[in-house]
Amino acid sequence: MTVSFAPAPAAAPPLRMLAAQTRMELRLLLRNGEQVGLTLVIPLLLEFFFNLPLLYSLDVPRRIDFVVPSVLALAVMSASFTGLAIGTGFERKYAVLKRLGATALSRRVLLLGKTCAVLILQVLQAALICLFGLVLGWHPSGGTVSAAVLIVLGTFAFGGLGLLLAGTVRAEVTLAAANLAWLVLLFAGGIAIPLSRYPDAAADLLRWLPSAALSDGLHQVLEHGAGLPVRPALTLLVWAAVALPAAARWFRWE
Amino acid sequence: MSAAVEITDLVKRYAGRPAVDGISLTVPRGHLLALLGTNGAGKTTTIEICEGFRRPDGGQVRVLGLDPLRDGTVLRPKVGVMLQGGVGGYTGARALELLQLFGSYAAHPLDAAGLLAEVGLAEVAGTPVKRLSGGQQQRLSLAMALISRPELLFLDEPTTGMDPQARRGTWDLIRRLRRDGVSIVLSTHYLDEAEQLADSVVMLHAGRIVAEGSPAELIQAGSAGQVRFSGPAGLPVAELRAALPAGVQVSEPATGCYLVAGEVTPALLAGITSWCAARNVLAEGLSVERRSLEDVFLDLTRTGR
């Protein structure tokens, strides 16, 4: 039987494209063994070391109860901001995405697919962090659903920012900027050091950072047993609602 | 219905230097146009402007009646693209997987496994793209351009890096595409490829069109051929030329080898032989040579027009 090439062009429905794109991005993420290992293991190591009181004093009653939400926030930031930005930046550099730019796939669906793939990886990552936390004596206080909502919002906010960076500057600049931003946000963005340690004026400003919103929200839920904390959730929602469309708008394929 | 591609006075500069310098051409629906030229002639720039990757500095481009930049969302699903130099897309993916991904972007895609077999890659369906040979990558790239069943194809140097057998197979496939009603623009620097496949050929040199027409027209254009013979060294070529019809050139490119270039007519042959007979010269190995597209191309690009 021979194939007929009689033209019948039309784009697939966006949701079908999104499902296919997410599946492919996830497969490629998982196929990159060393990278997956690092993504999954580094937060566990950080969880272990941050839990050691010899590093610095946190002034919290139970150190591990502070550490787990912080590491969860850190893991989201690492995978969906730093990891996604660098990976995507180099895909652009090596003209991987240029070819996709000549298909019916829209920027929006591509970027959503990438973010959804990272989100699925993060479910696995969060489960491992929580399990390891329990081993270290963690007593979670709040609802899983609220924490999950925060993680999803955080993934879209950080994913949007990472893709905006990756889609607009050179890969080498993305590499440097994503790592630098990660480090700064880790210490000055309310993850490793509670914002309460900062002067009030600084804390009031820093609290609007996505890292602080995610970390603060997770602490409120998991450490202090709050329901879905409104301000952090809204802050992340706004970051996501601005960054993702901006990334789709300004993303350049090559 | 609008033409498949319509380009008017296209100009594109890189850092002030024109890469494309005032090109106009039309590709009717269902036709195959070959853009022929050396590296740097402006082929890829022209194609990438049609694909919406680059913004022209001047002139107009209409692809299927649409503006590639402004109407990209409507246009892209209708067009298949093969970029120059390798597959593009995720090189960590397996061949079939990547083809299926591209199929999932289309509403009525061809069957991925069947198409992979069509381009001769069934045995490497599970091989990561980056481990395919250059020629295999080219064939996968062609399949990726076809799977959405486009009505117009842009193939940028489709057979570069293929072995002769794969090249023939690809030519057959391209002929079938044309038969099935797909409009095609392909760039190449292989003259035989243009001669074999194209309805019309546009020769580019330094960003300008230096010749255009069907392969047959191009070969006939200008001087139609040449006559070659050998004889004693140092015959008076100027005398011979004077004895022949106007517009003919005579030269002795190597000692004792003579070349008469011009429109080859019975009168020309008679003129040569009678001139030789009058001097008792035996014109050995007298042969009439047809000019190939290659001769035309080399002439046009050598003069640096």
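The values are calculated or read from the model by the stated rules, or taken from the named source; none is laboratory data. Please read all numbers here as calculations on a predicted model, not as lab measurements. We place every Cβ from the backbone using ideal geometry, glycine too, and count neighbours over all the protein chains shown. Accessible surface is based on the protein model in full, side chains and every heavy atom, while ligands, DNA and RNA are left aside. Shrake-Rupley method; radii C 1.70, N 1.55, O 1.52, S 1.80 Å.
Here the label points at B:Glu252 and B:Ala277, each 7 Å from Cα along the C-beta direction, are separated by 2.4 nm in the simple model. Between B:Gly213 and B:Val201, the built amide H atoms are under 5 Å apart, and every one of these is 5 or more places off in sequence or on another chain. What the phi angles of segment A:196-204 give under the Karplus curve with 6.51, -1.76 and 1.60, with θ = phi - 60°, is a coupling list of 5, 7, 8, x, 3, 4, 5, 4, 4 Hz, glycine and proline written as x. Does segment B:182-221 come out rounded, prolate or oblate, given a ≥ b ≥ c as the square roots of the eigenvalues of its C-alpha gyration tensor, rounded meaning a/c under 1.5 and, failing that, prolate meaning a/b above b/c? Note, shape of segment B:182-221 comes out oblate.
Solvent-accessible area of B:Tyr14, all protein chains in place: 90 Å² (probe radius 1.4 Å, heavy atoms, ligands and nucleic acids excluded).
Ordering A:Phe48, A:Phe251 by accessible area with a probe of 1.4 Å, largest first, what comes out?
A:Phe48, A:Phe251
Excluding ligands, DNA and RNA, the accessible surface per residue across chain A is 44 Å² with a 1.4 Å probe.
Leaving out ligands, DNA and RNA, and with a 1.4 Å probe, what % of the accessible surface on chain A is carbon or sulfur?
Numbers: 8120 of 11280 Å².
That share works out to 72 percent.
Summed over the residues of chain B and divided among them, the accessible surface reaches 43 Å² per residue at a probe radius of 1.4 Å. For chain B, taking Cα atoms only, Rg and Dmax work out to 23.8, 76 Å respectively. Our coupling estimate for segment A:152-159, obtained by passing each phi through the Karplus curve with A = 6.51, B = -1.76, C = 1.60 and θ = phi - 60°, is 5, 4, x, 4, 5, 5, 5, x Hz, Gly and Pro reported as x. Listed values for segment B:30-43 are Karplus-derived 3J(HN,Hα) couplings in whole Hz (6.51 cos²θ - 1.76 cosθ + 1.60, θ = phi - 60°), namely x, 9, 10, 9, 9, 8, 10, x, 6, 4, x, 6, x, 5, and x replaces Gly and Pro. Split the accessible area of segment B:222-302 by element, probe 1.4 Å, and carbon with sulfur accounts for 54%. With a 10 Å cut-off around each Cβ of A:28-39, the average count of Cβ atoms from other chains is 1.
Grab the DSSP H runs of chain A that are 4 residues or longer, score each as -39,500 (n - 2.57), total them, divide by all residues and round the 222 nm result to the nearest 500 deg cm²/dmol.
Details: 11 runs with 175 residues, N = 254.
Counting only the DSSP helices, I get -23000 deg cm²/dmol.
How many angstrom lie between the C-alpha centres of segment A:192-208 and segment B:199-252? That distance is 83 Å. For chain B, the mean residue ellipticity at 222 nm estimated from helices alone is -9500 deg cm²/dmol, where every DSSP H run of n ≥ 4 contributes -39500 (n - 2.57) and the total is divided by all residues, rounded to the nearest 500. Of interest is the spacing of the C-alpha centroids, which for segment B:1-66 and segment A:100-168 amounts to 42 Å.
Sorted into 10 angstrom bins from 0, the C-alpha pair distances of segment A:1-114 split as 11, 30, 24, 17, 11, 4, 2, 0 percent. When only alpha carbons are used to place a centre, segment A:24-79 and segment B:108-151 end up 41 Å from one another. Solvent exposure of B:Lys78, expressed as accessible area, is near 60 Å², computed with a probe of 1.4 Å over the protein chains only.
Site pair B:Asn39 and A:Thr144 shows an inter-label distance of 6.0 nm when each label is modelled 7 Å from Cα along Cα→Cβ. In this structure the amide hydrogen of B:Val5, modeled in the peptide plane, comes within under 5 Å of the amide hydrogens of B:Val27, B:Leu64, none closer than 5 places in sequence on its chain.
You can think of it this way: the chain between A:Val135 and A:Thr168 has 7.6 nm of extra reach, that is 0.36 nm per residue less the Cα-Cα gap.
Within the same chain, lysines fewer than 8 places from A:Lys114 are excluded, and of the rest, those with a Cα less than 24 Å from its Cα are A:Lys93, A:Lys98, B:Lys130. Spin-label model, B:Thr8/A:Leu40: points 7 Å from Cα along the beta carbon direction are separated by 6.0 nm. Taking amide H atoms as placed 1.01 Å from N in the peptide plane, the amide H of B:Arg208 lies under 5 Å from those of B:Asp21, each 5 or more residues away in sequence or on another chain.
How much FRET efficiency would the formula 1/(1 + (r/R0)^6) give for A:Leu205 and B:Leu69, where r is the Cβ-Cβ distance and R0 is 60 Å, rounded to 0.05? So, using R0 = 60 Å, E works out to roughly 0.90.
Taking a probe of 1.4 Å and counting only protein heavy atoms, give the total accessible area buried between chains A and B in Å², rounded to the nearest 100. Walk me through the intermediate numbers first.
Numbers: alone 12980 and 14800 Å², together 24420 Å².
Separately minus together, A and B give about 3400 Å² buried.
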